[in-house]
1. Can you tell me which residue in segment 273-294 is least open to solvent (accessible area, probe 1.4 Å), limited to those that are free of Cβ contacts under 8 Å to residues at least 40 places away in the same chain and among the basic types (Lys, Arg)?
2. On the basis of being touching a residue at least 60 places away in the same chain (Cβ under 8 Å), in a loop (DSSP other than H, G, I, E, B) and at negative phi, does Glu32 make the cut?
3. When only residues in segment 42-58 that are farther than 20 Å from Val161 by Cβ and not small (Gly, Ala, Ser) count, which is least open to solvent (accessible area, probe 1.4 Å)?
4. From (1) more than 15 Å from Val52 (Cα to Cα); (2) at pLDDT 90 or above; (3) open to solvent by less than 50 Å² (accessible area, probe 1.4 Å), pick out the condition that doesn't hold for Thr148.
5. Hey, Arg270 hits all of (1) basic (Lys, Arg); (2) free of Cβ contacts under 8 Å to residues at least 24 places away in the same chain; (3) open to solvent by less than 10 Å² (accessible area, probe 1.4 Å) but one; which does it fall short on?
6. Name the residues in segment 262-277 that are under 15 Å from Ile242 (Cβ atoms) and touching a Gly at 6+ places or on another chain (Cβ under 9 Å), would you?
7. For segment 193-202, name all the residues that are among the charged types (D, E, K, R) and in a helix (DSSP H, G or I).
8. Would you call Leu360 modelled with pLDDT of 95 or more and either assigned by the TED database to the domain that holds Met182 or under 30 Å from Thr102 (Cα atoms) (or both)?
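The values are calculated or read from the model by the stated rules, or taken from the named source; none is laboratory data. All of these numbers come straight from a predicted model, not from anything done at the bench. Note that each Cβ is placed from the backbone with ideal geometry, even for glycine, and that neighbours are counted across all protein chains shown. In case anyone asks, the SASA skips ligands and DNA or RNA and just uses the protein heavy atoms, side chains included. Shrake-Rupley method; radii C 1.70, N 1.55, O 1.52, S 1.80 Å.
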Amino acid sequence: MEPITTTEALAAVCDRMAAHPFVTVDTEFLRESTYYPLLCVAQMASPDEAVVIDTLAEGIDLSPFWALMANDKVLKVFHAARQDIEIVWHMASLIPTPIFDTQVAAMVLGYGDAISYDQLVQRITGDNLDKSHRFTDWSRRPLTPAQTYYAVSDVTHLRDVYMALSDDLAKRGRTNWVDEEMEILTSPSTYRSDPETAWERLKSRVRKPKELAILIEVAAWREREAQARDVPRGRVLKDDVIGEIALQAPTTAERLASLRSLPKGFERSRWGQDILEAIKAGVARDPKTLPPIERHRPMTNGSATVELLKVLLRMTAERHGVAAKVIATVDDLEHIAADDEADVRALKGWRRELFGEKALALKHGRLSLAVERGRVVAIERE
């Protein structure tokens, strides 16, 4: 199979695929040395055909592909869709819609937490995929026949996986469960890289408002710098360095130079001066404008409640054949233990019906856990 390298050929195949109820989609990209992913190859399959698109071909216009991604009459099927959708969002400023993520569907159907694509294919079809080209350099040209075969195989197997999962969801009445999850994946807020919220992805030890303010400002500077230079965030400044800067709050070049995590002479560079300005902006911030600092909840009686909720979660997951992770996280359980009205997914939608109501009942003594014939069971109390 020859990859598609012209706009005319791409438009023709997208027109044909638009006549089908669904297409399976996958992408191959590089982002080790860039902030934004570099799309190298896109592959698609309808029930009738499968194609590989050379997105780096000279002169090719991907507009027909973007139009198909936006066509609300054609379901786009991905596995672990987040990075694929991020690419479309960055390059075309649109979110593919409607979508179906087979990894999410598999979790809802009890295949485990975040099952890999090759494992899912093997369990559903019995085929073992050759993943030797997973980390190949997809930017090199020409594409090899082996690369093309690998790319096509991904989306053709995805057709079988999608149809099997879709049928199983319908039989078990869980189609709407997956639909709820797709709302998150199709929200633009999921993919916006807002410098002002870049600090939220950092793990830090900040405990004081001034430290948090500096963390926010320096993380925002790094995000803008990485975007402008199109390099990974870590190439600009490592996460742990930002945390150390927030704690030490160096406001002069001399104090910045004293940080062991920065290379010698960094304080005299343009970036050193930029960081000092960010630190000063953080110090000057009004504490009232800062988000609340997340405090670790003390290990009191609430921890015993969390442990009970973990048992209930495992029991519920096993009984209904759903991955525990997709029902609730440990963070969800901690919030439920502290607050009946906690704003967590475990207390909303199908999760509340499946688990959340029982979690609240257990917390307030209206439900008990017992062991019968080696299995944990829930017993309603009057």
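1. Looking at the filtered set, the residue picked out is Lys280.
2. Working: touching a residue at least 60 places away in the same chain (Cβ under 8 Å): yes; in a loop (DSSP other than H, G, I, E, B): yes; at negative phi: yes.
For Glu32, the condition - touching a residue at least 60 places away in the same chain (Cβ under 8 Å), in a loop (DSSP other than H, G, I, E, B) and at negative phi - is met.
3. Ile53
4. Checking Thr148 against (1) more than 15 Å from Val52 (Cα to Cα); (2) at pLDDT 90 or above; (3) open to solvent by less than 50 Å² (accessible area, probe 1.4 Å), the one that fails is (1).
5. Every listed condition holds for Arg270 apart from (3).
6. Residues satisfying the conditions are Leu262, Phe266, Gly272.
7. Step one: filter segment 193-202 for residues among the charged types (D, E, K, R), giving 194, 196, 200-201.
Answer for segment 193-202, where residues must be among the charged types (D, E, K, R) and in a helix (DSSP H, G or I): Glu196, Glu200, Arg201.
8. Criteria not met by Leu360.
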